[in-house]
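**Student:** Before anything else, here's the structure in question.
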């Protein structure tokens, strides 16, 4: 029989006499509590801040963007483009690729002038279209830049093999990855200063290459290899392995051409355009700096408007000049997946060195001996700095994704920074895929190029989906402005004074959406043709790898979008839901600097002055 409980007992005695029975907690709850406590401890110890540091000036922003846009693709892949389409076909392909970038950036520039918030690339689809679309854009942009970092690291490591030495590929990859990580971890202001220096190094490199090509065409050099004089023409059709001259002649062997005539030329130019897109992508990087820009309202729209001008301009001029100095029938030009070379030409098996670049081929034909080694060093720096920018972009994208996450653990780790406002956790996690670069170091045969092709195509397909999403977001943005014209009138004087208003819209948005969609849908047509027609020089395995790589990015994009939409039951944004999006919070006031993006654009002189202030 249980003892009777006295009516009045002091509290401290009652706790001793009648202790509260212990309750057993579920082990899963214990584990969850322990994990939460551990995350709290780590977060409070290492990651004490939840915001980035706004220290980037305009020249830092353009340095990061230009360095990321101009990597190694132009110096290396331009060789394959010339081989497939001829010099004229290459120019047409570069014009089409530049048109895609122009269309997308004109949409982005206007939206960012109104909403210069953190993570604008994912914010625009999230705010104006669908939350699920914004999430898919963020995830795929993070993944695409991780793959870009891998591709550029492998390319930089390959160029180190130009000099005969004991400097092995694994050591080159290790040192490059180490340098890239520490440059990103050193703080955003120092990082921005380094990228500004790299920007000018690349500008000087492109200018120097153009001058050298002009000099060679004018007859400079100690010798001329007449066997490979330029044939400035479009290719006679489409051939997946490029074209070669018939033995003892300078004409194309018609048996090599898979599809002759106009149809073949169109397909060749289309394939070249898909390859050229990898080189042009990167102009949107200016938007990634929104969370660290000192004056985002002033600098981001201007940088987005002018960012594409330098790369597109340099690429068009340089591809024209190099096309005047090399022959697209030259077997030394890089040809993808080909398993044979005519006339017993050396294949440069194993390592695709600087000797494959059309610029170096032109220089060697002119008999200038010292330049190839110098250009090789420049190409290493160019690839490394572009990989550096890719890690910066992926880490900042992951940081913004983490801050928007619905999981507290992710927010407290990946969404936090150290005392210096550097997102070290996001940098480290984004750095980990870079270790895939070690996959390439064991191959010393023709398959060595496979990681570059696979990761490069994955990047291109993913970013094309993102470009299409940004164009859709702009169309919704424009409809929202028309719906709320009393709050913000796009045709009004105040809008034109304070924000950037792109002319000929929505034509640019529709054009960007159309071209991005077509390039994405038909990016694997060449691989399908190779599989069906069994092209000479292309084995079945290579064609399958190309096909999977071409469509893997878009497939992942749509899977992520549909899964997120199914899991969280998101809805498309109605126009009524856009009432409060036109004046975003957490954007620094710049009244002392002049918030208007068009204040200096009165007439041609104003635009020219603004361009000069951007380029510095």
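**Student:** I need the peptides 466-472, 401-407 ranked by packing, meaning the mean over residues of other C-beta atoms within 10 angstrom, with the highest value on top.
**Tutor:** Descending packing order for the listed peptides: 466-472, 401-407.
**Student:** For the range 122-206, what does the alpha-carbon gyration tensor say about shape, rounded, prolate or oblate, given a ≥ b ≥ c as the root eigenvalues, a/c under 1.5 as rounded, and a/b over b/c as prolate?
**Tutor:** Prolate, since a/c reaches 1.5 and a/b exceeds b/c.
**Student:** Please give, to one decimal in nm, the separation of the simple spin-label points placed at residue 53 and residue 218, each 7 Å out from Cα toward the Cβ.
**Tutor:** Here the modelled spin labels are 4.8 nm apart.
**Student:** So for the pair residue 525, residue 178, with labels modelled 7 Å out along Cα→Cβ, what separation do we get in nm?
**Tutor:** 4.8
**Student:** For the pair residue 582/residue 317, report the inter-label distance in nm, with labels modelled 7 Å from Cα in the Cβ direction.
**Tutor:** 4.2
**Student:** Right, here's the next one. Could you tell me the calculated FRET efficiency between residue 532 and residue 439, based on Cβ-Cβ distance and R0 = 30 angstrom, to the nearest 0.05?
**Tutor:** Efficiency, rounded to the nearest 0.05: 0.50.
**Student:** Would you mind putting 195-207, 566-578 in packing order, based on average other-beta-carbon counts within 10 Å, highest first?
**Tutor:** The packing order, highest mean first, is 195-207, 566-578.
**Student:** How far, in nm, would the chain grow between residue 514 and residue 95 when pulled straight, counting 0.36 nm per residue and subtracting the alpha carbon separation?
**Tutor:** 149.3 nm
**Student:** Working out 0.36 nm times the residue gap between residue 232 and residue 503, then minus their Cα-Cα distance, what length gain in nm do you get to one decimal?
**Tutor:** Fully extending the segment from residue 232 to residue 503 adds 94.0 nm.
**Student:** Efficiency by 1/(1 + (r/R0)^6): what FRET value for residue 193 and residue 571, r their Cβ-Cβ distance, R0 = 35 Å, to the nearest 0.05?
**Tutor:** After rounding, the FRET efficiency stands at 0.20.
**Student:** Give me the number: length gained by fully extending residue 207 to residue 374, i.e. 0.36 nm times residue separation minus the C-alpha to C-alpha distance, one decimal in nm.
**Tutor:** Full extension of this stretch gives 58.6 nm more.
Each value in this text was obtained by applying a stated rule to the coordinates, not by laboratory testing. Because the structure is a prediction, the values reported are computed rather than measured. Note that we place each Cβ from the backbone using ideal geometry, even for glycine, and neighbour counts take in every protein chain shown.
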